[in-house]
Amino acid sequence: MMKVIKKLYSKYFQKSRSFLLPTLGIKKNTAYPSINSYLCWEDVYSLTDYKLILTYYIQDDDKWNSYLLNILMNNQMFNEYHEIDGERLAISFDLHECKEDFEHVVFGRYSKLSKFNKGRIRDFYGYNSPEWAYLESFLFPEKYIPLYSRLLDVDSAHILHTGELCDKPNIDKETLKLKPNVKHDDVNPLDVEQGKDYQANSDAY
């Protein structure tokens, strides 16, 4: 049964995580979820570089190494990764292929996202999840204007004027401010080929 919105979601949430992370095609329920996501990286990437940056804890085990190589670095949008310190690394993905959607997120035009990426967001969170209940209202606001008008106690015309039901990204919070340490932008093609069967047949990731 689909969840129903009963109150407004008032806390800030990372717009890069909710609206762009699903673009990568990585499963939400993974043994190695990212710590956070960002639209920029201070002194490394600006908004005009169209990069999605994910941070991860470094794990000292073979499964993590396989996940890093076969799922993250083998992703078609993988750009490079940097070791930040002894505990964390940051991986960047190049979103030039969907730069219009990237710009829509930056400017808070979530309802303008492509049909393809709206579908990816739905599949990532799941149709019956509490996250999708809110995200659907942000992606298809016209269906939810009467509900938000009542919850906000404002006239529907005011909501129609703004056209969106979710706030714009807070660029300061969407900027990674840790300094990069070691940079890696190369992948051993042989290792990737050997890992493709592992990726296709693994239920853990």
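The values are calculated or read from the model by the stated rules, or taken from the named source; none is laboratory data. Note that this is a predicted model, so its numbers are computed, not measured. FYI the Cβ positions are ideal-geometry reconstructions off the backbone, even for glycines, and counts take in every protein chain you see.
If we keep just the residues of segment 174-205 that are in a loop (DSSP other than H, G, I, E, B) and in contact with a helix residue (DSSP H, G or I) (Cβ under 9 Å, 6 or more places away or on another chain), which is modelled with the highest pLDDT?
Of everything passing the filter in segment 174-205, GLU174 is modelled with the highest pLDDT.
If ASN70 meets every condition in (1) more than 29 Å from PRO130 (Cα to Cα); (2) in contact with a strand residue (DSSP E or B) (Cβ under 9 Å, 6 or more places away or on another chain) apart from one, which number is that one?
ASN70 satisfies every listed condition except (2).
Does TYR148 satisfy the criteria of being in contact with a Leu (Cβ under 6 Å, 6 or more places away or on another chain), at pLDDT 85 or above and more than 18 Å from SER18 (Cβ to Cβ)?
Considered against the rule, which asks whether it is in contact with a Leu (Cβ under 6 Å, 6 or more places away or on another chain), at pLDDT 85 or above and more than 18 Å from SER18 (Cβ to Cβ), TYR148 comes out as no.
Suppose the filter is touching a residue at least 60 places away in the same chain (Cβ under 8 Å), charged (D, E, K, R) and out of contact with any Cys (no Cβ under 8 Å at 6 or more places or on another chain); does ASP94 pass it?
No; evaluated as a whole, the condition is false for this residue.
Pull up segment 111-122, narrow it to residues that are touching a residue at least 24 places away in the same chain (Cβ under 8 Å) and more than 13 Å from the chain's Cα centre (by Cα), then point me to the one that is nearest to LEU165 (Cα to Cα).
Among them, the one singled out is SER111.
Going through segment 21-31 one residue at a time, which ones are in contact (Cβ under 8 Å) with a residue 60 or more places away in the chain, buried (at least 17 other Cβ atoms within 10 Å of the Cβ) and out of contact with any Cys (no Cβ under 8 Å at 6 or more places or on another chain)?
Matches in segment 21-31: LEU21, PRO22, LEU24.
Report whether or not TYR56 is aromatic (Phe, Trp, Tyr), at pLDDT 95 or above and on the phi > 0 side of the Ramachandran plot.
no
If I ask for residues that are at pLDDT 95 or above and of a type outside the set (S, T, N, Q), which ones from segment 14-34 would you list?
Across segment 14-34, the qualifying residues are LYS15, ARG17, PHE19, LEU20, LEU21, PRO22, LEU24.
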